[in-house]
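The block underneath contains the structure these notes are about, expressed in structure tokens.
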Amino acid sequence: MRVPAAPSVASIHLEELGPQLDDLQDEVLRGLAKPAKELPCKLFYDRRGSALFEKICTLDEYYLTRTETAIMEQHAAEIAALIGERCVLIEYGSGSSSKIRILLDRIREPLYYMPIDLAKDQLLRSATAVAAAYPRLNVRPLCADYTQPFVPPSIAEDAARRVAFFPGSTIGNFHLHEAEGFLRQVGELLSHEGCLLIGVDLKKDPRLLHAAYNDSAGITAEFNLNILAHINSRFGANFRLDQFAHRARYNEQLGRIEMHLISLADQVVRVGESMILLKASEPILTEVSYKYDLDQFAALAERAGLGVRRVWTDSAQLFSVQYLVSH
Ligand code: AVJ
């Protein structure tokens, strides 16, 4: 009788580097205590939020995902040649781990893949799927908040090169000084010979940007409101979702999309042990999404000790994929 092979699911070990529930709740309360209230955008991604984000990525108005994917596919051979053989791939904010497959299909003999994400369930599911699709790859998922300083466990010291992968223009969610700090931290991790492959969204006609963050199906609005449902269930809060409205605007001066939830009434909300007072029309900032010029991003990278070696864009210059090395 044939015994079915043990599923590779069992071999996936997930490493955790915090954050603690209390740390996250403190961050939520600190943001809500500010004169201009804000919430950390990493809290969008509970199970429903991750599913809504995947849906956003398929929308006509949301040009980012399909444009980045097309750029990567078109230049996959060149990217793979730059990366070379026997590398370690470290992905920041791996989500569904779909874009990494474009690289895994082309790179010669990749040794390790370390997807890093805060959304644990999705991380384990996607890492398991990648491990099943690439049986010779060593997949080491890490549940961590990479917006905080952290040292990932050292893996594969025998690898030829460390490759950091940061797609989706998630770098745009950092304020400019934070982006510099983050890039410096990545650069230090890469050491000599390492590289960073990063997706960077570009400045463009504000009407296109407005449409991308105010889609006609209302999925982005649902995604934005869902952060409140997530906070309710995770931290024992009682936000009423029907008492808030989605707003996303492009701030041309600062070159960024600003996504807010607007309070529709004077209201009091409980978060853990704290009471939060909201006035009618008061905004809570839930996300910024910076758009860059190529020169501006190169200057930012320089300040962080990284050099831009190669830039690929689409013909309409909507989006860029960039190859950076540490000096
Ligand atoms: C994947 C985090 C970069 O800012 O465009 C999509 C998230 N927010 N629609 C972005 C998002 C609203 C997205 N990032």
(request) Would you mention how many residues in the range 183-210 are buried (at least 18 other Cβ atoms within 10 Å of the Cβ) and assigned to a helix (DSSP H, G or I)? (result) 5
(message) With the structure loaded, tell me whether Ala160 is more than 15 Å from the ligand (Cβ to nearest atom), of a type in the set (Gly, Ala, Ser) and within 16 Å of Tyr45 (Cα to Cα) or whether it fails that test.
(response) no
(request) Could you tell me which residue of the range 11-66 is nearest to Phe166 (Cα to Cα), considering only residues that are of a type in the set (Ser, Thr, Tyr) and in a helix (DSSP H, G or I)? (result) Thr65
(message) I want to confirm something. Restricting to the range 269-287 and keeping residues that are acidic (Asp, Glu) and away from the ligand (no atom under 16 Å from the Cβ), which single residue is modelled with the lowest pLDDT?
(response) Glu273
(message) Checking the structure you have, find out if any residue of the range 304-313 is touching a Ser or Thr at 6+ places or on another chain (Cβ under 8 Å), crowded, with 16+ Cβ neighbours inside 10 Å, modelled with pLDDT of 95 or more and closer than 18 Å to Leu39 by Cβ.
(response) no
(request) Kindly list, by first and then second residue, each pair from a residue in the range 129-151 that is over 20 Å from Arg184 (Cβ atoms) to a residue that is aromatic (Phe, Trp, Tyr) and surrounded by 15 or more Cβ atoms within 10 Å (Cβ to Cβ), limited to pairs with Cβ atoms under 6 Å and residues at least 6 apart or on different chains. (result) Leu137/Tyr113; Asn138/Tyr112; Val139/Tyr113
(request) Quick one: count up the residues across the range 254-297 that are over 30 Å from Gly199 (Cβ atoms) and β-branched (Val, Ile, Thr). (result) 4
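Results for (1) within 16 Å of the ligand (Cβ to nearest atom); (2) surrounded by fewer than 20 Cβ atoms within 10 Å (Cβ to Cβ), shown as yes or no for each residue.
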{"residue": "Leu39", "(1), (2)": "yes, no"}
{"residue": "Arg47", "(1), (2)": "no, yes"}
{"residue": "Ser50", "(1), (2)": "yes, no"}
{"residue": "Asp60", "(1), (2)": "yes, yes"}
{"residue": "Ala76", "(1), (2)": "no, yes"}
{"residue": "Ala80", "(1), (2)": "no, yes"}
{"residue": "Ile83", "(1), (2)": "no, no"}
{"residue": "Gly95", "(1), (2)": "yes, no"}
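Restricting to the range 163-196, count the residues that are within 16 Å of the ligand (Cβ to nearest atom) and either on the phi > 0 side of the Ramachandran plot or among the small types (Gly, Ala, Ser) (or both). Steps first, answer last, please.
Here is the first cut: in the range 163-196, the residues within 16 Å of the ligand (Cβ to nearest atom) are 165-176, 178-179, 182-183.
Cutting the leftovers down to either on the phi > 0 side of the Ramachandran plot or among the small types (Gly, Ala, Ser) (or both) gives us 168-169, 172, 179.
The total comes to 4.
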(request) Mind listing whichever residues of the range 274-315 are touching a residue at least 24 places away in the same chain (Cβ under 8 Å) and assigned to a loop (DSSP other than H, G, I, E, B)? (result) Glu282, Lys291, Asp293, Ala304, Gly305, Asp314
(request) Kindly provide the set of residues from the range 227-257 that are within 11 Å of the ligand (Cβ to nearest atom) and not β-branched (Val, Ile, Thr), ordered by number. (result) His246, Ala248, Arg256
(request) Tell me which residues, restricted to the range 55-92, are of a type in the set (D, E, K, R) and in contact with a Gly (Cβ under 8 Å, 6 or more places away or on another chain). (result) Glu68
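In this structure, does Val321 turn out to be part of a strand (DSSP E or B), of a type in the set (Val, Ile, Thr), more than 16 Å from the ligand (Cβ to nearest atom) and under 21 Å from the mean Cα position of the chain (by Cα)?
Working: part of a strand (DSSP E or B): yes; of a type in the set (Val, Ile, Thr): yes; more than 16 Å from the ligand (Cβ to nearest atom): no; under 21 Å from the mean Cα position of the chain (by Cα): yes.
For Val321, the condition - part of a strand (DSSP E or B), of a type in the set (Val, Ile, Thr), more than 16 Å from the ligand (Cβ to nearest atom) and under 21 Å from the mean Cα position of the chain (by Cα) - is not met.
The values are calculated or read from the model by the stated rules, or taken from the named source; none is laboratory data. Keep in mind that this is a model prediction, so the values were computed, not measured. Positions of Cβ are backbone-derived with ideal geometry, glycine not excepted, and every protein chain shown enters the neighbour counts.
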